[in-house]
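**Q** The structure is given below, and queries will be raised subsequently.
The values are calculated or read from the model by the stated rules, or taken from the named source; none is laboratory data. Note that the structure is predicted; figures quoted are calculated from it, not measured. Because the Cβ atoms are built from the backbone with ideal geometry, glycine has one as well, and the counts that use them run over all protein chains shown. Heavy atoms of the whole protein, side chains included, go into the accessibility calculation; ligands, DNA and RNA do not. Shrake-Rupley method; radii C 1.70, N 1.55, O 1.52, S 1.80 Å.
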Amino acid sequence: SIGTEAQLDELSTLIDRVRRASHNPSVLVMIGGPAIHERTDINKAVCADAFAADAREAVELARALLTPSV
């Protein structure tokens, strides 16, 4: 969750560090928060897997991302 514009500069680096540190090669990163509420395209710019505008959407999106396709 990104609370201020100042955190945007380091977001790509943080996501990269999470992926490198994870023991899960398929780790998914979802972003959201007040600083990027209106910037729904930001997930592509910072290499996140998903963007959620609010908590309800985050839960629904997480379920969809983690449910195996048949």
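**Q** As an exercise, find the ratio Rg/Rh for the chain from alpha-carbon atoms, using the Kirkwood inverse-distance average for Rh.
**A** Looking at the chain, the ratio lands at 0.97.
**Q** How large is the helix-only mean residue ellipticity at 222 nm for the chain, computed as the sum of -39500 (n - 2.57) over DSSP H runs with n ≥ 4, divided by its residue count, in deg cm²/dmol to the nearest 500?
**A** Mean residue ellipticity, 222 nm, calculated: -12500 deg cm²/dmol.
**Q** Taking K and R as +1 and D and E as -1, what net charge do the other residues with C-beta under 14 Å from the C-beta of HIS37 add up to?
**A** -3
**Q** What distance in nm separates the two pseudo spin-label positions at VAL18 and ASP49, each 7 Å out from Cα along the beta-carbon direction?
**A** 1.0 nm
**Q** Of the heavy-atom accessible surface of the chain (probe 1.4 angstrom), what whole percent is carbon and sulfur?
**A** 54 percent
**Q** Add +1 for every Lys or Arg and -1 for every Asp or Glu among the other residues with Cβ under 12 Å from the Cβ of LEU61, and state the total.
**A** Around LEU61, the charge tally is -2.
**Q** Please sort by residue number the GluC sites (Glu not before Pro) in the chain whose DSSP state is loop and whose Cβ has at most 16 other Cβ atoms within 10 Å.
**A** GLU38
**Q** Something else: Quick one: which residues, 5 or more positions from ILE31 or on another chain, have an amide H under 5 Å from its amide H? H modelled 1.01 Å from N in the peptide plane, none for Pro or chain starts.
**A** Placed amide hydrogens put ALA50, PHE51, ALA52 under 5 Å from ILE31.
**Q** Let me ask something else. Under a point spin-label approximation (7 Å from Cα along Cα-to-Cβ), what is the ALA64-LEU28 distance to one decimal in nm?
**A** Using points 7 Å along Cα→Cβ, the separation is 1.0 nm.
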